[in-house]
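Single-structure report; data block below.
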Amino acid sequence: MLRNLIKLSVKDKNIVAEVKAVIKKAYESADSPVAVTKSIGSYVMQFRNRGRNAAKRRHPFRGICEQSGLPLNKEDAHFDEIVPENGYEEGNVRWVCPKANNSGTKSCGKC
């Protein structure tokens, strides 16, 4: 079972629970459940990625994994929020290899 690593207030936990219940109901009653969930996910990602492009301009890729300090190819680089609760608009960001970002198998060789 996945843990929720993002810290939420009680109010925000209740909001998440309500939204999950609505999404589950929509999925169970949809003619095309996968299409419905993909559409919901796409909508949510618009909010999730707010400020991402501006953050990339503020913090351009410099050719290294900022976790290890070793060279990193641009095609392997992932733009990562250091504190996920703060998002791209407010938080610190870094360029890391997928392994440092816990999302893949490619690596700069050290992570």
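The values are calculated or read from the model by the stated rules, or taken from the named source; none is laboratory data. All of these numbers come straight from a predicted model, not from anything done at the bench. Don't worry about glycine lacking a Cβ; one is built from the backbone with ideal geometry, like all the others, and counts go over all protein chains shown.
Residue selection: Ile15 fails the criterion of being more than 20 Å from Ile82 (Cα to Cα), free of Cβ contacts under 8 Å to residues at least 60 places away in the same chain and under 16 Å from the mean Cα position of the chain (by Cα). Residues in the stretch 9-58 that are among the aromatic types (Phe, Trp, Tyr) and surrounded by 12 or more Cβ atoms within 10 Å (Cβ to Cβ): Tyr27 only. Residues of the stretch 63-89 that are exposed (fewer than 14 other Cβ atoms within 10 Å of the Cβ), of a type outside the set (Val, Ile, Thr) and either on the phi > 0 side of the Ramachandran plot or free of Cβ contacts under 8 Å to residues at least 24 places away in the same chain (or both): Gly63, Gly69, Asn73, Lys74, Glu75, Asn86. When the stretch 44-59 is filtered for residues that are within 22 Å of Val16 (Cα to Cα) and either of a type in the set (Lys, Arg) or modelled with pLDDT of 95 or more (or both), the ones remaining, listed by number, are Arg48, Arg50.
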